[in-house]
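Okay, structure first, notes after.
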Amino acid sequence: MFLFCCALLGALPVGLILLALLNITLGQLSDPEFLWLVATESEVISTIILTFFAGLCAVVILMIVGTPLAYLLARSTTRTSKLIGTIIDLPVMLPHTIAGILVYLLFMPNGWLGAPLSAVGIAFQDAFFGIVVAMLFVATPFYVNTVQEGFVNVPVHLENAARTLGASQFTVFRTITLPMTLRHISSGTVLAWGRSISEFSAVIMIAYYPMVISTLIYNRFMTGGLKESSAVAFTMIVACLLIFGALRFISGRIGGKYDRV
Amino acid sequence: MIEFEDVSLSLGEFSLKNCSLSIEEGEFLVIMGPSGAGKTIILELIAGLHDPDTGVIRINGADMRKIPTEKRGIGIVYQDYALFPHMSVEENISYGMKRKHTPREEQKRRSLELADSFGIGHLLNRRPLTLSGGEAQRVALCRALAVKPSILLLDEPYAALDNETRRDCVADMKKLHKGGLTIVQVTHSLDEAKSLGTRIVLVRDGRVVQTGPSEEVFMHPKEEVTARFLGFENIFNGKEVGLDGRVCVRSEDIILHTEASEKCLLGTVLSVETNGALRICHVDIGTVILTVTMGKRDGDYLEGSKVWVDIPKNTIRMIGAE
């Protein structure tokens, strides 16, 4: 009875998502010619590619700088590390328009970071790098928290035992800690990438152009109406399902045998 | 071989205070003490997994302050064995040899040789999660021995094993010790300490309270708390038996008689509990309640009955006596 109640309640959110997908799919498939026309539009295709690529850049940066940070946070019990953990969580708690303002103030041409970087030719306002930093800002907690949880699950004495066997701290990290955290790293990557490409508010504050897919859908909604924007949205849904479906499958396979403690 | 000179270390709320001890080459040192006493910290200090706040640790005369764990040549086996779950048994055993760039053929040969000597040669391709407690313990031991450590540290290595496996593992350790290996083991099992240790270090609240040869520590506890920890159930004022100061007696050393005999104390049986083949009596002798352990053949004593309590002089230990 309890499980039946769980299933009944759980069916609500799943049903809602499926119903929304079914609704848009049936709507779009009723006019396939128009859908094809929109989906093959060069602006739509290039925007989707740009969105995924900008998200990928943010994620790669996160993997390089976020993995060591997650390790430090997982292994440290000091107050400073707890404070850093809270700071990392801020972008999740703030409304994304605020995140956009924060990023814009910092990276605008006369901002603290924007000014010196634009002096060496790296522009953020209405530029690709602007999109990447906005995505990076909102995706950081998703990556760092997931990977940190993975590192916490690796018992410290496994690392200690490896060190007594002649491995340096870096070798221990490379051969013991990292392989045992692969599943968390891959799911953190997928989460952060997904969060990055879905960002709208923070991105448009700093870079309305070049448009990411959320901006394009909003733009089409305002200029061409619901029909045009739904066709773009449906194209993006298909692209997301294909890419994230494949990633989920791969991440389920790579981490599986490594992270059992 | 290993010397601790006034070593202190604070870790959160725990602190090890002015710990001084020495461990000779070829010794089997057992570190005992209640949970949270600081036993594991001492092992980890030897291994270099913590740096002391003050004091010096020397191994073979060399100050260890600048020597990282990986260069100390010390093997460690943890209570839960700390096997690497993403590697096979063979990869676990050869992990240390790989770090030392031992040729692959040599790694394979030595892994097999070690595994065979501990009866786990058939497990080399298995994953640690599929092993029983005893098998995992031997893999951890082989892994530590594969790099030929000069000192082997054991952190309650038999705690999770059944009695039969534990006996086998204790025998393995005795064999290793006879082979000349210096072993430092942490335990809170009195039986293990008695059967393995050539010397005992008693630790309590981050302090070394007593060190000495196994026999001496078990026979002459320096403090009441350590006496209790060492299995002396009866601690009382020596006046009861005509001595000055506090004394302690093991429950199995006290003899009960139903008839009056010379130098015996009259008492009343308060309760009798059965513990497997043993019976534990609580006897009130007026100023103190004694615990007496008896075999089934030692006669029946009913609650409330009068008994004569014989505490043989040679079983009475003075607390704090040198």
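The values are calculated or read from the model by the stated rules, or taken from the named source; none is laboratory data. Only a predicted model underlies this, so the values are computations on that prediction, with no experimental measurement involved. Using ideal geometry, Cβ is built from the backbone for each residue, glycine included, and neighbour counts are taken over all protein chains shown.
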Next item on the list: Could you please find all residues in the stretch B:136-147 being within 11 Å of another protein chain (Cβ to nearest Cβ) and among the basic types (Lys, Arg)?
Entry: B:Arg143
Notebook entry, point to check: Among the numbered criteria (1) closer than 30 Å to A:Val154 by Cα; (2) out of contact with any Phe, Trp or Tyr (no Cβ under 6 Å at 6 or more places or on another chain), which single criterion is violated by A:Thr47?
Noted result: (1)
Notebook entry, point to check: Name the residues in the stretch A:118-134 that are of a type in the set (A, V, I, L, M), touching a residue at least 12 places away in the same chain (Cβ under 8 Å) and part of a helix (DSSP H, G or I), would you?
Noted result: A:Ile131, A:Val132, A:Val133, A:Ala134
Notebook entry, point to check: So which pairs qualify, if the first residue must be in the stretch B:23-52 and within 14 Å of another protein chain (Cβ to nearest Cβ), the second must be acidic (Asp, Glu), the Cβ gap must be under 8 Å, and the two must be at least 6 apart or on different chains?
Noted result: B:Thr40/B:Asp155; B:Leu43/B:Asp155; B:His50/B:Glu44
Next item on the list: Answer yes if at least one residue in the stretch A:184-196 is within 14 Å of chain B (Cβ to nearest Cβ) and either among the β-branched types (Val, Ile, Thr) or under 30 Å from B:Val77 (Cβ atoms) (or both), and no otherwise.
Entry: yes
Item checked: In the stretch B:57-73, residue farthest from the other protein chains (Cβ to nearest Cβ) [restricted to those that are within 28 Å of the chain's Cα centre (by Cα) and part of a loop (DSSP other than H, G, I, E, B)] -> B:Gly61
Next item on the list: Check every one of the strands (runs of 3 or more DSSP E) wholly within the stretch B:155-263 and list those with 1 or more residues that are within 19 Å of the chain's Cα centre (by Cα).
Entry: B:182-187, B:199-204, B:207-213
Checklist line | All helices (runs of 4 or more DSSP H) inside the stretch A:1-83 with 2 or more residues being among the polar types (S, T, N, Q) and closer than 24 Å to A:Trp193 by Cα | finding: A:42-75
Notebook entry, point to check: How about the stretch A:40-60: which of its residues are touching a residue at least 60 places away in the same chain (Cβ under 8 Å) and not acidic (Asp, Glu)?
Noted result: A:Val44, A:Thr47, A:Ile48, A:Leu50, A:Thr51, A:Phe52, A:Ala54, A:Gly55, A:Leu56, A:Cys57, A:Ala58, A:Val59
Check: In the stretch A:154-183, which residues are within 7 Å of chain B (Cβ to nearest Cβ), closer than 17 Å to A:Ser76 by Cα and either in contact with a strand residue (DSSP E or B) (Cβ under 8 Å, 6 or more places away or on another chain) or of a type in the set (A, V, I, L, M) (or both)?
Finding: A:Leu158, A:Asn160
Next item on the list: Considering each residue of the stretch B:266-312, count those that are touching a residue at least 60 places away in the same chain (Cβ under 8 Å) and either among the charged types (D, E, K, R) or over 23 Å from B:Pro221 (Cα atoms) (or both), and give that number.
Entry: 0
Next item on the list: Being more than 9 Å from every other protein chain (Cβ to nearest Cβ) and within 28 Å of the chain's Cα centre (by Cα) is the filter; apply it to the stretch B:91-104 and report the residue that is surrounded by the most Cβ atoms within 10 Å (Cβ to Cβ).
Entry: B:Ile93
Checklist line | The lone exception for B:Gly75 - which of (1) surrounded by 22 or more Cβ atoms within 10 Å (Cβ to Cβ); (2) at pLDDT 95 or above it fails | finding: (2)
Item checked: Every residue from the stretch B:266-294 that is modelled with pLDDT under 85 and touching an Asp or Glu at 6+ places or on another chain (Cβ under 9 Å) -> B:Gly286, B:Thr287
Checklist line | Verdict on B:Leu129 being surrounded by fewer than 21 Cβ atoms within 10 Å (Cβ to Cβ) and closer than 17 Å to B:Gly96 by Cβ | finding: no
Note to self: Can you tell me which condition B:Leu161 does not meet? The list is (1) surrounded by 16 or more Cβ atoms within 10 Å (Cβ to Cβ); (2) within 12 Å of chain A (Cβ to nearest Cβ), and all the others hold.
What the structure shows: (2)
Next item on the list: Kindly provide the set of residues from the stretch B:296-309 that are part of a strand (DSSP E or B) and out of contact with any Asp or Glu (no Cβ under 9 Å at 6 or more places or on another chain), ordered by number.
Entry: B:Lys306, B:Val307, B:Val309
Note to self: Regarding the stretch A:244-259, can at least one residue be identified that is more than 14 Å from chain B (Cβ to nearest Cβ), farther than 30 Å from B:Ile67 by Cα and among the acidic types (Asp, Glu)?
What the structure shows: no
Note to self: Can you list the helices (runs of 4 or more DSSP H) lying wholly within the stretch A:143-261 that have 2 or more residues being closer than 30 Å to B:Leu153 by Cα and touching a residue at least 12 places away in the same chain (Cβ under 8 Å)?
What the structure shows: A:156-164
Next item on the list: Count, please, the residues in the stretch B:74-90 that happen to be at the interface with another protein chain (Cβ under 10 Å from one of its Cβ atoms) and acidic (Asp, Glu).
Entry: 1
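Scan the stretch A:134-153 residue by residue and report those that are of a type in the set (Val, Ile, Thr) and within 14 Å of chain B (Cβ to nearest Cβ).
none
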Next item on the list: Among the residues of the stretch A:20-29, count how many are surrounded by 10 or more Cβ atoms within 10 Å (Cβ to Cβ) and without any contact (Cβ under 8 Å) to a residue 24 or more places away in the chain.
Entry: 4
Note to self: So for the stretch B:100-113 (the condition being in the same structural domain as B:Asp155 (by TED's automatic domain parsing), under 25 Å from A:Phe173 (Cα atoms) and in contact (Cβ under 8 Å) with a residue 40 or more places away in the chain), does at least one residue qualify?
What the structure shows: yes
Next item on the list: Please verify whether the stretch B:106-114 includes one or more residues that are at the interface with chain A (Cβ under 9 Å from one of its Cβ atoms), polar (S, T, N, Q) and touching a helix residue (DSSP H, G or I) at 6+ places or on another chain (Cβ under 6 Å).
Entry: no
Check: Just checking, which of A:Met93, A:Met108, A:Met63 is among the aliphatic types (A, V, I, L, M) and without any contact (Cβ under 8 Å) to a residue 40 or more places away in the chain?
Finding: A:Met93
Check: So how many residues does the stretch A:211-257 have that are of a type in the set (A, V, I, L, M, F, W, C), over 21 Å from A:Ala54 (Cα atoms) and touching a helix residue (DSSP H, G or I) at 6+ places or on another chain (Cβ under 7 Å)?
Finding: 3
